[in-house]
Structures are given as C-alpha cells and as structure tokens.
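Each remark here refers to the structure printed beneath this line.
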Amino acid sequence: MEKNQKGSAILAILIVLILAIAAAIGAGWYAYRFYSAAPENIDMPEINFSAGPELLDENPPNENEGDGETIPEAEEPVASPETFVEYETGQDSSPIVNAANQFALELYGEYKNTDDNLFFSPHSISSALQMTYEGARGKTAEEMQSVFHFPEDNAARIGSFAKLYEQINPQNASYRLSTANALWAQNDYPFDQNYLKTVETYYHGKAANLDFAGNPENSRQTINQWVSGKTMQKIPELFAAGTINPLTRLVLTNAVYFKGKWATPFEEILTQEKDFTASTGAKIKCQMMNIKDDFGYAQTADYQALELPYEDNDLSMIVVLPENGKIEATEKELAAAGLGNVKKSLKNELVNVFLPKFKFDTSYNMNQTLAKMGMPAAFDDANADFSGMYDKTKTPENLYIGLVIHKAYIDVYEEGTEAAAATGVAMQTTAVMEPPQAKIFNANRPFIFAIVHNQTGAILFMGKVNDPTK
C-alpha cells in the first residue's frame, strides 16, 4: 500500500453505474427484466490505492499498463434524421448542480429505511442517466426530467454539465477524482451518429461496438474486462452470466474514483476501540478515530454538523450526527432545506471529534426505485421512447431501459508515516486567558455524510453509516 505523509487520511470510492438498454420486437419477444425491492450489499475485495482509473481518451492504454482493455473502434453508425448541435461550455454549473443535489436527497429518502449502510454517488447516477436522457423523447423524456430535474433547455443543460465536468476534474490537484464513461452499442443497429457524437463530445463517453445479438457472452466479458481495468480489478465481474442477452442493444458504463487526504489529519496512535450504538440498538465495538482542532461546526436541537475538509479545501466531508431519537426529524429537515443550508450554518469552532473508521460496499438495482420515483415509461418495453438514439424507420424494435445497476465502495481511515519538521518559538508575555472549551462531536451512533465539491456545492457522494463494522 502506498504510504502518505504523517496523519494522512485516504477516502477511496469506486462507482460503477450501468444502464443496459434492451430492445424488443412486438409482444412475441421475451425481454429480460431485473428488479430488486431494496438495495443489496455485495462483497468486494481489497482496493489497490497505488493507482486508479484514468479518464477515457482517444488512445486507451493496453492491459499490460494496468488500465483495462483497449476499447475497440466503433463502426460508423447508420445515419438518422437527428442533427448534431454544437453547444458552448456554460459559465455557470449551478443548474445541473441544483438538479443533481435535489435528486440526491430524494434518492436518499427512498433508501434511508434500512439497517444496512447506505452509500451512492448522485453525481454518477445523474451523469449516466443524463446521457440517456439526451436520446429520450415524449413522455419518457418528461418523466426522466421530473425525476432528475434536468434543465429542459438543451444549451443550459449540456453547457452546465460541461462546466461542472471541467470544475470537478482539475489538473494538478492534490486529490484524485477521475471519471470514465463508455457506450457499448450493437454493431449493426441503426444508432444515430449525432446522438453518439453528443455523448462523446459533451459527456466524454467513447462509443464502441459489440455483437450482443450474436454473442452476448463475449460482449459481457468484454465490458466486464473494461470495468475491471478502470476500477483496478475492484469489480472484476460487474455483469453476472445471463444479464447481457441477445436483446441488449446498448450499455452505458460510468466509473468514478476518488482519493484524498484530510487537510487536518487524524493520528493513528489516538484511534481506540469504542462503543457504537447501531441502528438496530445493538452495542458494538468499533475503531474510533480522534482529533481536536478547529472545524466548521453547527448544532441544532436535532443534530450536530461537522465539516472535515480535504487537502486543498476543494472537497469536504459533511457529517450530520442526529441526536438520540432525532434521526427522522433530521432527515426530514435535510429533505426540506437541503445540505447546502447545513453547510452555510457552519462556524469555525474548536471541536473534539470522534469518528469511526468505516469501510463498506453497496450494490443497488435501481429499476423499481426510479420507476417509483416517477419514470416508469423508460422501463416499459412497449411504451418507452428513446427515438433520439436511433432511426426508427430502419428497425421494428423499440428501445427501453432493461437494467440500471449502481455499485459503490468507500474506505475512510487514517494512515501515517514519520515526517521531519522545524518549528521556531518566540517567547513573549501575554494576558492570561482561559483556553476555549472544545465542542464534543462523538459519532458513536448512526450518522449521515456527504462528500461535497466546495466551489460548486455539488454532492458527489452521499451515505449513512448504521454500523461501521459491516
């Protein structure tokens, strides 16, 4: 494992969002549909922190360089009536940030009633579904817009996303936040080249062709190999056998990786075994980190809030700790007022922080959840309208979303190595003052957290820790 300077903290997140769009011809075709009533956690191997996935580029590195399979060149898609429109990068990312943040809190509301840990990337989910929205039409587009709150004006939506992408992927940052998108299309399907060009130009999603109809198993393995490479083998088999079938026509993949160090690091020597009361009421032992320093802090009758900035202060973890018996009230307040209001209320205070180390992974099949939130038409094989993706005059098939999978992994802990430093001390007299009394922030019970991009306010990741030992 790569060592960082003394007291550094590592947060690593892997997100893979899959959108499989299947096609059906009339009522005689059998379409595979995958549903899950609740989020399901999956086991994942230890992550390699020494490297992470890179952005897709025109010449993806080969497998021997450790970044996955080279994406095959896409054949020229069959032309369609759609016209490619050029948009300028917007000057303001707030329209798409506000949309994704609203979706984040609404999705949290769908998943919150569980004793399992909760973790997802609203940014990743919104980004992948926004790529899909560019090809949606009619009622399907209206429903997707109502769920994700996308700006309806094309220039505002696309320009705002392009600006946000630019802002959250800075060059030479001390942290690492990288994203990768790819589209996998049936090789002889009449996809609209202008739709593919829009996704590649503004969403950085490179298209490649596979033969889902003739060889679905080989297609599945090819996509899995690419995902495995982009996630440093963290997710070696995203698609299980049988989930890619002869009716699949398009798969969109999105992977996100984040690694950052705390601006004010925890010291490993202060970590001790402490009690944590899980959401079930059970008392468990956990590894509790500790630090006393100045942090953004707020307290209400229902909760305490804390901001833990990462190095460079571009990103922060916001931790919301409900008082005993106040988690429902806190969640209602967050849903109504938003996380931005919590962040605005923070004031610099001396705080004695106790935060458990935690590491877990999550897996969500989102079909039923998204349909329940208001977009059932997209999953309807007969009534979905994604005609902006392909030329309907050249095929009797109708595209619809067959599968949306979101997988995530997070590891929060302290790591240190010895570092050299020099300190000068100048002695002088001063008035005797009482030392300030530190606030106590003891996360020994379930808490909500989010990783926020400070410049834009974008919620990149959000979750809830019900049991740090799971």
**Study point:** Dimensions (Å) - segment 171-234, Cα atoms, principal axes, largest first
**Key:** 45, 30, 8
Check your understanding: From the backbone phi of segment 156-167, what are the Karplus-calculated ³J(HN,Hα) couplings (6.51 cos²θ - 1.76 cosθ + 1.60, θ = phi - 60°) in whole Hz, Gly and Pro given as x?
Key -> 5, 5, 5, x, 5, 5, 4, 5, 5, 4, 5, 6
Exercise for review: Give the distance, in whole Å, between the Cα centre of segment 164-200 and the Cα centre of segment 437-464.
Suggested key: 29 Å
Practice item. Return the distance in nm (one decimal) between the two label points of a simple spin-label model at Gln272 and Glu106, each offset 7 Å from Cα along Cα→Cβ. Key: 4.6 nm
**Study point:** Label-zone membership for segment 293-313, site Lys332, 7 angstrom Cα→C-beta point, backbone N under 20 Å
**Key:** 299-305
Review point. Which links in Lys230/Lys394; Lys347/Lys470; Lys292/Lys470 stretch past 30 Å when you go from one Cα to the other?
Key: Lys230/Lys394; Lys347/Lys470
Check your understanding: Starting at 0 and stepping by 5 Å, how many percent of the alpha carbon pairs of segment 241-337 end up in each bin?
Key -> 2, 9, 12, 14, 16, 15, 10, 6, 7, 6, 2, 0
Point to revise | Two-site FRET efficiency, Asn352 against Ala240, from Cβ-Cβ distance with R₀ of 45 Å, rounded to 0.05 | key: 0.45
Point to revise | Amide hydrogen neighbours beyond the local backbone of Asn209, cut-off 5 Å, H modeled | key: Ala74, Glu75, Ala185
Revision key, fill the gap. Taking a ≥ b ≥ c as the square roots of the eigenvalues of the Cα gyration tensor, with a/c under 1.5 meaning rounded and otherwise prolate when a/b exceeds b/c and oblate if not, segment 283-362 is rounded
Study note, to complete from the structure: Taking placed amide H atoms and a strict 5 Å upper bound, the residues 5 or more places from Leu399 or on another chain that come that close are Phe386
Review point. So how much slack lies between Lys139 and Glu217, counting 0.36 nm per residue of separation and subtracting their Cα-Cα distance, in nm?
Key: 24.8 nm
Review point. Given R₀ = 51 Å, FRET efficiency for Asp153-Ile284 by Cβ-Cβ distance, to 0.05?
Key: 0.55
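A short reminder: the numbers here are calculations on the coordinates, not readings from a lab. Quantities reported herein were computed from a predicted structural model and do not represent experimental measurements. Methodologically, a virtual Cβ is constructed for each residue, glycine included, from the backbone with ideal geometry; neighbour enumeration extends over all protein chains shown.
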